[in-house]
Amino acid sequence: MVELLAVRRCPCRSCRRHAGTMVYGRPGCHRQQRQNRTIIRALGWGPGFRLHIREGSGVIVVRLDRQGVFTITGQGHLHLPAAVRHWCGLTAGDRVLLAGHPADGLLVVHPPAALDAMVVAVHVDLLGGGKA
């Protein structure tokens, strides 16, 4: 099962918030079950908050929604249900990139396939239209 967990702040410098508008987390940094609590905290989300989760362009988009059927658990975890994982082809043990945008109250989960597509597109552009 792929889950998004909010736990203590990761000590890794690369997981800390940078000067930009986004907050990033790398599941699997230091321990697979650890996630970057700074994202959940930066978004202002907490236990019991209701969420809307949808798929768009191969990524999972999570936002607050008073009518949302998904919630953050009492421990501050956000579990991605099986149907949501299926939308993007996520399987047990897959690592994802989390990108939070506090100003918009938005969390985007980037599965490996979406990351691959973005990197290939940048490489093709850098190589002048050649294959990456």
What is the number of the single condition among (1) closer than 15 Å to Leu51 by Cβ; (2) of a type in the set (A, V, I, L, M); (3) in contact with a helix residue (DSSP H, G or I) (Cβ under 7 Å, 6 or more places away or on another chain) that Leu97 does not meet? (1)
Subset of region 87-118, residues open to solvent by less than 60 Å² (accessible area, probe 1.4 Å) and assigned to a loop (DSSP other than H, G, I, E, B), comes to Cys88, Gly89, Leu90, Gly93, Asp94, Val96, Gly105, Pro111
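Just wondering, is there one or more residues in region 76-86 that are surrounded by fewer than 15 Cβ atoms within 10 Å (Cβ to Cβ) and of a type outside the set (Gly, Ala, Ser)?
Step one: list which residues in region 76-86 are surrounded by fewer than 15 Cβ atoms within 10 Å (Cβ to Cβ), which gives 81-83, 86.
Next, from what is left, pick out any that are of a type outside the set (Gly, Ala, Ser): 81, 86.
Scanning region 76-86 turns up at least one residue that is surrounded by fewer than 15 Cβ atoms within 10 Å (Cβ to Cβ) and of a type outside the set (Gly, Ala, Ser).
Looking only at region 41-80, filter to residues that are of a type in the set (A, V, I, L, M) and outside any strand (DSSP E or B); which one of those is farthest from the chain's Cα centre (by Cα)? Explain how you work it out, then say what you get.
Narrowing region 41-80 to residues of a type in the set (A, V, I, L, M): 42-43, 51, 53, 59-62, 64, 69, 72, 78, 80.
Keeping just the survivors that are outside any strand (DSSP E or B) gives 42-43, 69, 72, 80.
Values: Ala42: 13, Leu43: 12, Val69: 18, Ile72: 14, Leu80: 10 Å.
This residue is Val69.
The values are calculated or read from the model by the stated rules, or taken from the named source; none is laboratory data. Computed from a prediction, not measured in an experiment: that's the story for all the values here. In this analysis, Cβ positions are derived from the backbone assuming ideal geometry, glycine residues included, and neighbour counts consider all displayed protein chains. Ligands, DNA and RNA are stripped out before the accessible areas are found, and what is left, the full protein with its side chains, is counted by its heavy atoms. Shrake-Rupley method; radii C 1.70, N 1.55, O 1.52, S 1.80 Å.
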